[in-house]
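Notes for the one structure printed next.
The numbers here are math on the coordinates, done by the rules we state, and not lab data. Quick caveat: nothing in here was measured; it's all calculated off a predicted structure. Please note: Cβ atoms are built from the backbone with ideal geometry, for glycine as well, and neighbour counts cover all protein chains shown.
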Amino acid sequence: MRPRSAPRWGRPAFVLLWGLLILCGLGASPWQGFTALALSPDGQSFATGGREGEVLWWETSTGELLYRWLQPHEGPVIGLAFNAAGSQLGVALLDGSIATAEAASPSLRPSAGTSWPSLAQAKERWLSSGPLSFPVRVTAGGLWAEGSPEGLIRVGIEGTSAPLVSWTAHSAAVTGLALADDGSFLLSCSYDGGLSRWDPRSGNLLGTLQSPHP
């Protein structure tokens, strides 16, 4: 469903970052902890999942929140995937269920695992090699990016092992990463409630967003 208000990408600033660190030090509320992230095939939108079953659909260029769904009784969102057209979003939950989100739909609809093969084994992958224990890794745009359980992000050239750049991006585990197909930006989310946009070749922060309280 369409939200009433929409946060935008905030410009990096010392005060903003300091405030974020203070909030993280106090401990993130359950709704703040992001658990999954996916970029649409055309790169124009992306989705995030949260600890309390929250699914958010964002516009990439502006950071506008387009749609939000909440499945509070289904547990954390552990996987997300867009269809080829970018018009549907598959959502995997820790209880093993899979749902489908559409822009025009006010709620998530149950879906068969065969409809989203990339999410069919999401529960097993999460439990055996989730982001709290192992790095999250993606490749696109001739680059690879890896986010660690300690909040560190490393980026390198695809086909090589040595990173070009690394930096501390979050104060808790990096739970989702997405690289633009042209390598122009990197999105990251974390259990600390942070959602950030980066220049992947320099590690410079390009903007931040916070999940709205449900």
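For the reader, a short list of remarks on this structure follows.
- The local environment of G147, defined by Cβ-Cβ distances under 15 Å, has a net charge of 0 under the rule Lys, Arg +1 and Asp, Glu -1.
- Taking 0.36 nm per residue of sequence separation and removing the Cα-Cα distance, the L164/D95 pair yields an extension gain of 21.0 nm.
- Ordered by the count of other Cβ atoms within 10 Å of each Cβ, fewest first, H73, H170 give H73, H170.
- Relative contact order of the chain: 19 percent, from C-alpha pairs under 8 Å at least 6 residues apart in sequence.
- Distance between the 7 Å Cα→Cβ label points at S118 and F134: 1.8 nm.
- For V138, the shell of other residues with beta-carbons less than 12 Å away shows a net charge of -1, using +1 for Lys and Arg and -1 for Asp and Glu.
- Panel note: the C-alpha atoms of the range 14-210, placed on their principal axes, show extents of 41, 39, 35 Å (largest first).
- Angstrom value of the Kirkwood radius, inverse mean 1/r, which spans all Cα pairs in the range 77-123: 10.4 Å
- Footprinting exposure proxy for L80, L127 (fewest neighbouring C-beta atoms within 10 Å first): L127, L80
- In the chain, the calculated helix contribution to ellipticity at 222 nm averages -3000 deg cm²/dmol per residue, counting -39,500 (n - 2.57) for every DSSP H run with n ≥ 4.
- Note, ³J(HN,Hα) from phi for the range 180-189, Karplus 6.51, -1.76, 1.60, rounded to Hz, x at Gly and Pro: 5, 4, 9, x, 7, 8, 10, 9, 9, 9
- Under Karplus coefficients 6.51, -1.76 and 1.60, residue-wise ³J(HN,Hα) of the range 116-130 in Hz, glycine/proline x: 9, x, 5, 9, 4, 10, 4, 5, 4, 5, 5, 6, 8, 8, x
- Listed from fewest to most Cβ neighbours within 10 Å, the set F34, F82, F185 follows the order F185, F82, F34.
- Unit Cα scatterers, Debye sum, the range 46-131: log10 I(q)/I(0) for q = 0.12 Å⁻¹: -0.31
- Over all Cα atoms in the range 129-200, the spread is summed up by Rg and Dmax: 11.0, 31 Å.
- Stretchable slack from S202 to D181, in nm (0.36 nm times residue separation minus alpha-carbon distance): 5.9 nm
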